[in-house]
Amino acid sequence: MSKDGIPFCLSSIDLVESTTVAESNFSNLRTTIPEIKSGSGIYAFSLKWNDIKTLTPSILSPYSRYGLNRNPKFRNQGKLLTLSDFLSLTKGQTSGVLISIENAAYLEEKQGLSVTNAVLNALQKVGCDKPGSQKVMIQSSHSSVLKIFKEKSKYERLYKVDKSIGDALDSAVEDIKSFSDSVVIGKASVIPQSEGFLVNYTNTVTKLQSFNLSVYVETFSNEFVSQAWDYYSDAFVEINSFVVGAKVNGIITDFPKTADRYRKNLCLKEGKKPAYMSPVEPGKLLQQISKAYFPPPSPPLPVLTDTNVTEPPLPSVPAPTTAPAPTTP
């Protein structure tokens with residue numbers, strides 16, 4: 001959200017992460033806000049949209065510390081888009097869009113910006129609320145956001161569990177079911193690792209699916225350092241282990257072309273799949289390590305509880321005040 005209340009597409013509320021704002025005339029706007037993240041940043045709500053759209057984008061490279069920079073030739077190509085422009089661009093061109101909403105409580109309480117209303121208005125503006133329009137999915141790690149969308153729209157809702165879990169209480173899943181259609185979890189919540197080696201399957205996917213919740217897993221990348229040793233640096237082996245092995249309903253990836261190639265694999269349609277389509281068995285490679293180099297056991301992952309899910313409703317944004325009309329003596 002910009003300072004003047006324009007919703008736009010970006011992976012982070014901190015402009016430093018995916019633009020060159022730190023090298024611009026706005027570098028003096030750097031500030032620290034513990035409620036959002038540790039460390040300092042230059043936040044979107046500090047600039048108006050007319051200023052933000054002048055910034056140069058910078059492609060995210062989450063593994064740059066390993067010297068793995070994504071598409072360096074075109075890392076500053078493209079331009080920033082408002083949510084309305086993005087929705088107009090994708091209309092009739094895609095099967096659907098996913099809009100992720102975070103930091104809504106802070107924006108409403110501290111900045112007077114209602115991100116939920118802004119998104120609803122943008123969707124209505126391009127006709128996404130009409131029958132026959134493209135599929136829209138709303139994702140958030142805050143139940144208060146999804147409850148508003150359940151009340152005011154019919155878009156599919158995804159609840160993101162923003163920490164690794166090994167299971168979930170029935171009561172917590174029932175709570176999620178009351179406001180969400182699906183759940184997004186991290187890879188470690190499905191197959192945890194120890195020093196880069198897969199350990200075992202958790203009960204998370206089975207528990208969530210038993211309540212008729214679809215389970216999506218994130219984030220899949222092609223960089224080999226993002227994958228456990230068990231996958232032999234093969235992105236297809238990793239995807240297959242979650243789809244065929246863990247039986248997740250879908251994946252979220254930084255490399256959609258890789259996922260699409262996997263999806264087009266004709267072997268997936270075979271009743272009896274060839275041996276090379278077998279998922280990796282968690283813990284099998286770990287057993288090959290000599291005891292002298294065996295990694296220490298990891299503590300068990302926590303169980304998702306009701307208190308992790310339940311939260312107060314979003315604060316309401318106060319209506320703008322109007323100065324009193326002058327009186328005539």
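Considering segment 177-203, the residues that are β-branched (Val, Ile, Thr), open to solvent by less than 10 Å² (accessible area, probe 1.4 Å) and touching a residue at least 40 places away in the same chain (Cβ under 8 Å) include one that is nearest to residue 152 (Cα to Cα), namely 184.
In segment 33-80, how many are of a type outside the set (Phe, Trp, Tyr), under 16 Å from residue 21 (Cβ atoms) and not in a loop (DSSP other than H, G, I, E, B)? Residues flagged as of a type outside the set (Phe, Trp, Tyr), under 16 Å from residue 21 (Cβ atoms) and not in a loop (DSSP other than H, G, I, E, B) within segment 33-80 amount to 8. When 173, 119 are checked against the criterion of being out of contact with any Phe, Trp or Tyr (no Cβ under 8 Å at 6 or more places or on another chain) and either in contact (Cβ under 8 Å) with a residue 60 or more places away in the chain or among the aliphatic types (A, V, I, L, M) (or both), a single residue qualifies: 119.
Considering only segment 231-241, state which residues are assigned to a helix (DSSP H, G or I) and open to solvent by 20 Å² or more (accessible area, probe 1.4 Å).
Applying the first criterion (assigned to a helix (DSSP H, G or I)) to segment 231-241 yields 231, 235-241.
Correct list: 236, 237.
Answer yes or no as to whether residue 244 is modelled with pLDDT under 95, part of a helix (DSSP H, G or I), within 26 Å of residue 275 (Cα to Cα) and out of contact with any His (no Cβ under 6 Å at 6 or more places or on another chain). So residue 244 passes the test. Please tell me if residue 174 is touching an Asp or Glu at 6+ places or on another chain (Cβ under 6 Å), of a type in the set (D, E, K, R) and surrounded by fewer than 21 Cβ atoms within 10 Å (Cβ to Cβ). No, not satisfied.
Being under 25 Å from residue 223 (Cα atoms), surrounded by 13 or more Cβ atoms within 10 Å (Cβ to Cβ) and in contact (Cβ under 8 Å) with a residue 24 or more places away in the chain holds for only one residue in 24, 58, and it is 58. Of the residues making up segment 181-230, those that are assigned to a helix (DSSP H, G or I), farther than 18 Å from residue 244 by Cα and among the hydrophobic types (A, V, I, L, M, F, W, C) number 3. Restricting 107, 123, 89, 98 to residues that are aliphatic (A, V, I, L, M), open to solvent by 20 Å² or more (accessible area, probe 1.4 Å) and in a helix (DSSP H, G or I) narrows the list to 89. The criterion of being modelled with pLDDT under 95 and in contact with a helix residue (DSSP H, G or I) (Cβ under 8 Å, 6 or more places away or on another chain) does not hold for residue 282. Candidates are the residues of segment 260-300 that are aliphatic (A, V, I, L, M) and open to solvent by 80 Å² or more (accessible area, probe 1.4 Å); the one that is nearest to the chain's Cα centre (by Cα) is 266. On the stretch given as segment 45-89, residues that are among the hydroxyl-bearing types (Ser, Thr, Tyr) and touching a Cys at 6+ places or on another chain (Cβ under 8 Å) total 1.
Residues that are surrounded by fewer than 14 Cβ atoms within 10 Å (Cβ to Cβ) and part of a strand (DSSP E or B): does segment 136-152 have at least one? Checked segment 136-152: no residue is surrounded by fewer than 14 Cβ atoms within 10 Å (Cβ to Cβ) and part of a strand (DSSP E or B).
In segment 226-248, which residues are among the β-branched types (Val, Ile, Thr) and in contact with a Phe, Trp or Tyr (Cβ under 9 Å, 6 or more places away or on another chain)?
Let us first name the residues in segment 226-248 that are among the β-branched types (Val, Ile, Thr), namely 237, 239, 243-244, 248.
Across segment 226-248, the qualifying residues are 237, 239, 243, 248.
Within segment 3-17, the set of residues being part of a loop (DSSP other than H, G, I, E, B) and either touching a Gly at 6+ places or on another chain (Cβ under 9 Å) or closer than 21 Å to residue 89 by Cα (or both) comprises 5, 6, 7, 9, 10, 11, 12, 13.
The values are calculated or read from the model by the stated rules, or taken from the named source; none is laboratory data. These figures come from a predicted structure and were not determined experimentally. For neighbour counting, all protein chains shown are included, and Cβ atoms are generated from backbone atoms with ideal geometry for every residue, glycine included. Keep in mind that these areas ignore ligands, DNA and RNA; they rest on the heavy atoms of the full protein, side chains included. Shrake-Rupley method; radii C 1.70, N 1.55, O 1.52, S 1.80 Å.
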